[in-house]
Amino acid sequence: MAELLTAHDPRGYPPKVVGKRLAQRRESLDGKLLYLVDCLFDNSENFMRELEDWFAKNLPSVTTRLIQPRQSWVDDADMRARVACEGDGAILGVGL
């Protein structure tokens, strides 16, 4: 006995995307403070620690600081303000 099935498209309607310019690139990172933001994804802390080691070996004039938000998937305004106030740049790590 054959049954009729109905399939629904789970993609829904895509949001309208508006392009934005990238931030201006610094001429050099020498003497700068770069925040390495562990976004609390699986394995992202391991990746950020390896990145921290890479900077220490390959660009020792760059100071790195590993930082994490208070919780995953929630905007941490205090962390953002700290990075914006103290840092010269940031790399966000999202893991595997």
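For the chain, the longest principal axis of the Cα atoms and the long axis of helix 44-58 meet at an angle of about 30 degrees. I want to check the label-to-label distance for residue 18 and residue 53. Put each point 7 Å from Cα in the C-beta direction and report it in nm to one decimal. Once both label points are built, they end up 4.4 nm from each other. Taking Cβ atoms as reference points and 10 Å as the exclusive limit, the residues near residue 94 contribute a net charge of -2, counting Lys and Arg as +1 and Asp and Glu as -1. The Cα-based radius of gyration and maximum Cα-Cα distance (Dmax) for the range 32-96 are 11.6, 33 Å.
Mind checking the dipole of the chain: about its Cα centre, +1 per Lys or Arg Cβ, -1 per Asp or Glu Cβ, Debye to the nearest 20?
Magnitude of the dipole: close to 460 debye.
For the pair residue 84 and residue 8 in one chain, pulling the backbone fully straight at 0.36 nm per residue adds 23.0 nm over the alpha carbon distance.
Extending 7 Å from Cα along the Cβ direction at residue 73 and again at residue 28 yields two label points whose distance is 4.4 nm.
Throughout, read-outs are computed from the coordinates displayed, never taken from laboratory work. From a predicted model like this one, the values you see are computed outputs, not experimental measurements. Here Cβ is always computed from backbone atoms with ideal geometry, including for glycine, and neighbour counts include all displayed protein chains.
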